[in-house]
Structures are given as structure tokens and as C-alpha cells.
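Visitor: One structure, as C-alpha cells, below. Some questions next.
The values are calculated or read from the model by the stated rules, or taken from the named source; none is laboratory data. Nothing here was measured: the structure is a model prediction, and the numbers come from that model. Every residue, glycine as well, gets a Cβ built from its backbone with ideal geometry; the counts of neighbours run over all protein chains shown. Surface areas here come from the heavy atoms of the whole protein model, side chains and all, with no ligands, DNA or RNA. Shrake-Rupley method; radii C 1.70, N 1.55, O 1.52, S 1.80 Å.
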Amino acid sequence: MSTPVPGIETVGVVGAGQMGNGIAHVFAVSGYNVVMSDLEQSRIDTAMETIDGNLERQLRKDLITEAESNAARARIKGTTDMADFGNCDLVIEAAAEIETLKKDIFKKLVEVVPENAILASNTSSISITRLATVTDRPERFMGIHFMNPVPVMRLVELIRGIATDEATYETMRAVVASLGKEAASAEDFPAFIVNRVLVPMINEAVYTLYEGVGTVESIDKAMKLGANHPMGPLELADFIGLDTCLAIMNVLHDGLADTKYRPCPLLVKYVEAGWLGRKTGRGFYDYRGAEPVPTR
Ligand code: NAD
């Protein structure tokens, strides 16, 4: 695989959820040392199991060798202690899509990371400029938005805050290339490019369900066979996480002040029910049986 960018040897990842464990995986496979944190050891353990399964799949497909897989696994250190980010050259935050939570994390991070470390967020929608303001280094702060599932998807959006300097941007472009991925640059406006287009489409699919225009199955079938999408929009929403989809719609609605971005009340209701998609076993589909079936 490729070699790490000079000066970036150890990468921290905050949050070991769907995105965090994928980000840890791709950095480790590309030769970086990785420190991955979460709130509880049980979440780290689950993330490590997911990484093991994904490395195993890559091995079976001959995408990596056994030696590369073992070396990658050995490069990842899990922790519940932020102090372990003390050696990181780059830290990527991948905790839940809640602005106050992310700001609290960055406030804690600046106390432990080296002075010249780059800080970045994997946020799907929140202003990079605003997140950077709680740090001591807005010029070394970036948005680096990976796609789900991280080991598979080729694109990474790069977002500069208003204060991000050119050296940081160029380093992050090189980092993305070192992972074997492609970068697309987006300006710092709500939800950037991919989610500005994708999530309102998902929200519209939920309205289509809410208004009884189609069933879960007919909506997904229509978009798969009629628009050639690899996944239907409701299936995709479950894959992303309905809480994340709702959070992105709220950022678009608040940030652009346009009623066309109002979140569908049915999406809100599913999130309130804790039906967040695949990660909780139920969303627009119920994943608890052998095959996913529409929840209602
Ligand atoms: P997730 O719910 O699977 O994981 C979030 C993890 O962060 C959880 O394990 C949680 O315990 C942990 N966490 C919360 N507070 C923490 C803290 N203070 N310190 C350490 N860990 C903490 O969510 P996800 O889908 O992985 O999303 C994470 C981020 O990535 C969000 O900002 C989301 O918008 C973004 N994102 C998601 C997708 C997607 O398809 N799901 C795609 C691109 C970007």
C-alpha cells in the first residue's frame, strides 16, 4: 500500500463508531499509527471486531496480504483516555453529529495534542469555521469528510474553514492521496457538496412515505430501478443512520434558512423512537430477522 505523508506518523481518531473504526482502518492499512478513542471500552472492543472483520474481507478479496493485515491491526491502539492523543500529528474527530459535543471534544484535544498537530472533523454538515473557533489553531483546522463505508468508498471531501492555511490544506490533500482515495474540495457551507445533494433527496423519500405516495419497498425499488441508484433512499438512510440524516437536515434548515430543507416529521418520529437504522437494528427496515423487512 502507500506510504504515510512525512510529518504525519500518528493519527488520532475520536469516536470508534461506524465512521471512526473505518477511518482508523484505512489509516492503519496505509502505514500510519492510529490511536482510536471512545467513551467506553465496550465500544472500542466492538470497533476492533468490526476492523478485524473488514481486514478479513479485504484479505479474502486479495486487496491486502496477510502481513499487511496483521501489521495494520498491530498499528491500532484503542483508548478511553484523551491523554493518549499526546503523540498525534493529526487528530480526526468522528463523534456524533452534535455541534456542542464536537466543540467540547476539540476544547479537550487542544490541551493534550502537540502544538503543531492538525485538527480535523469528519462532520457531515457542521461549519468547519465555527468548530475551529474553539481551538487555539483555526489555521491548522480542516474538514475531512469520509464516506461510509470508509474502507470501500473512494471519495473524501476536504473543507477549509475561513482561517485554514494553505500548508494544512496541502498536507491534508497529500494525506487523502496516501490513503489511495480521491479528494473533492468543498467550500464551508452547510453539508458541503455530497450531503447538500444527497440528504434532501433522502428527506424527500421520507416525505414520499409520510404522504403515502409509496411504501418503503416501492420507494426503494423505484429509485434503484428507475434512477439506477445502487441502494434505495430509505435503505441508504438506514445505512447512514437516521439520527445523522436528521442532524444534517437541521443544519441545512438552520444554516440556509430555507423551508425546502425542513426535516420530514416522520424522520423526526423514527429518531425519537430510537429507530436509527442498521446500527440499532431498526429503521425504515427491521434488521433483527434473517432478511431486512419494512418496519411498517
Ligand atoms: P456513530 O454513532 O456510529 O459513532 C459515534 C461514536 O462517537 C460513538 O461510538 C460514541 O460513543 C462516540 N463518542 C461520542 N462522544 C465521544 C467523545 N466525547 N469521545 C470519544 N467518542 C465519543 O456515528 P457515525 O455514523 O460514526 O458518525 C460520526 C460522525 O461522522 C458524525 O459527525 C457524522 O455526521 C459523520 N459521518 C457519518 C457518515 C455516515 O454515513 N454515518 C458519513 C460521513 C460522516
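Visitor: For segment 200-289, state which trypsin sites (Lys or Arg not before Pro) are in a DSSP loop and have at most 16 other beta carbons lying within 10 Å of their beta carbon.
Guide: Answer in residue order: Arg288.
Visitor: Continuing with the same structure: Under the rule of at least 5 residues apart or a separate chain, name every residue whose amide H is placed under 5 Å from the amide H of Glu93.
Guide: Close amide H contacts, sequence-distant or interchain: Val14, Ala120, Ser121, Asn122.
Visitor: How far apart, in nm, are two points set 7 Å out from the Cα along the Cα-to-Cβ line at Ala290 and at Val268?
Guide: 4.0
Visitor: Considering the options Leu252, Gly226, Ala174, tell which one lies farthest towards the positive end of the dipole of the chain, charges being +1 on Lys and Arg and -1 on Asp and Glu at the Cβ, about the Cα centre.
Guide: Gly226
Visitor: Would you work out the relative contact order for the chain, in percent, from Cα pairs under 8 angstrom that are 6 or more residues apart?
Guide: Reported relative contact order: 13 percent.
Visitor: Relative to the present Cα-Cα distance, how much length would full extension add between Glu211 and Thr133 at 0.36 nm per residue of separation?
Guide: 23.9 nm
Visitor: Within the chain, what is the longest stretch that has no GluC sites (Glu not before Pro) placed in a DSSP loop and near at most 12 other beta-carbon atoms within 10 Å? Before the final figure, lay out each step's value.
Guide: Numbers: sites that count: Glu40, Glu115, Glu187, Glu211.
Segment 212-296 is the longest.
Visitor: Per the helix-only calculation at 222 nm, which mean residue ellipticity applies to the chain, given -39500 (n - 2.57) for every DSSP H run of n ≥ 4 and division by its residues, nearest 500 deg cm²/dmol?
Guide: Result for the chain, helices only: -14000 deg cm²/dmol.
Visitor: Tell me, what HN-Hα J-couplings in whole Hz come from the Karplus equation 6.51 cos²θ - 1.76 cosθ + 1.60 at θ = phi - 60° for each residue of segment 137-152, using x for Gly and Pro?
Guide: With the stated coefficients, segment 137-152 comes to 8, x, 6, 10, 10, 9, x, 10, 9, 7, 9, 9, x, 4, x, 9 Hz.
Visitor: Using a Förster distance of 51 angstrom, determine the FRET efficiency expected from the C-beta separation of Ala83 and Ile193, and round it to 0.05.
Guide: 0.90
Visitor: Using θ = phi - 60° and the Karplus form 6.51 cos²θ - 1.76 cosθ + 1.60, what ³J(HN,Hα) does each residue of segment 13-23 get, whole Hz, x for Gly and Pro?
Guide: 10, 9, x, 10, x, 3, 7, x, 6, x, 5
Visitor: Rounded if a/c is under 1.5, else prolate if a/b is larger than b/c, else oblate: which is segment 1-91, with a ≥ b ≥ c the root eigenvalues of its Cα gyration tensor?
Guide: Oblate.
Visitor: If you roll a 1.4 angstrom probe over the protein chains with everything in place, what fraction of the accessible area of the chain belongs to carbon and sulfur, to the nearest %?
Guide: On the chain, the fraction of accessible area on carbon and sulfur atoms equals 52 percent.
Visitor: Please list, in chain and number order, the residues 5+ apart from Ile162 or on another chain whose amide H is under 5 Å from its amide H, with Hs placed from the backbone.
Guide: The list, which skips near neighbours in sequence, is Thr129.
Visitor: With charges only on Cβ, +1 for K and R and -1 for D and E, what is the dipole size of the chain about its Cα centre, in debye, rounded to 20?
Guide: 520
Visitor: While we're on this one: Which of the lysines could be linked to Lys279 by a straight reach, that is with a Cα gap under 19 Å, when you skip same-chain ones fewer than 8 residues away?
Guide: Lys269
Visitor: Identify all aspartates and glutamates with a Cα-Cα distance to Lys61 below 20 Å; exclude those on the same chain that are fewer than 8 residues away in sequence.
Guide: Output for Lys61: Glu49, Asp52.
Visitor: Right, next: Write down the accessible area per residue of segment 196-294 in Å², having rolled a 1.4 Å probe over the full set of protein chains.
Guide: Ligands and nucleic acids excluded, the result is 51 Å² per residue.
Visitor: Classify segment 196-294 as rounded, prolate or oblate from the Cα gyration tensor: take a ≥ b ≥ c as the square roots of its eigenvalues, call it rounded if a/c is under 1.5, otherwise prolate when a/b beats b/c and oblate if not.
Guide: Because a/c hits 1.5 or more and a/b fails to exceed b/c, segment 196-294 counts as oblate.
Visitor: Rounded to whole Hz and in sequence order, give me ³J(HN,Hα) for segment 112-118 from the Karplus expression 6.51 cos²θ - 1.76 cosθ + 1.60, θ = phi - 60°, writing x for Gly and Pro.
Guide: Ordered by residue, 3J(HN,Hα) equals 10, 7, x, 4, 9, 5, 8 Hz.
Visitor: Using only Cα atoms, locate the centre of segment 100-174 and the centre of segment 184-258, then give the distance between them in Å, rounded to an integer.
Guide: Using only Cα atoms to place each centre, the spacing works out to 24 Å.
Visitor: Here's another thing I want to ask about it. Check which residues have an amide H placed less than 5 Å from Asp286's amide H, if you skip close sequence neighbours.
Guide: Long-range HN contacts for Asp286: Val293, Thr295.
Visitor: I need the shape label for segment 10-186. Rule: rounded when a/c is under 1.5, else prolate if a/b > b/c, else oblate, with a, b, c from the alpha carbon gyration tensor.
Guide: Since a/c reaches 1.5 and a/b is larger than b/c, the shape of segment 10-186 is classed as prolate.
Visitor: Return the distance in nm (one decimal) between the two label points of a simple spin-label model at Lys108 and Phe239, each offset 7 Å from Cα along Cα→Cβ.
Guide: 3.2
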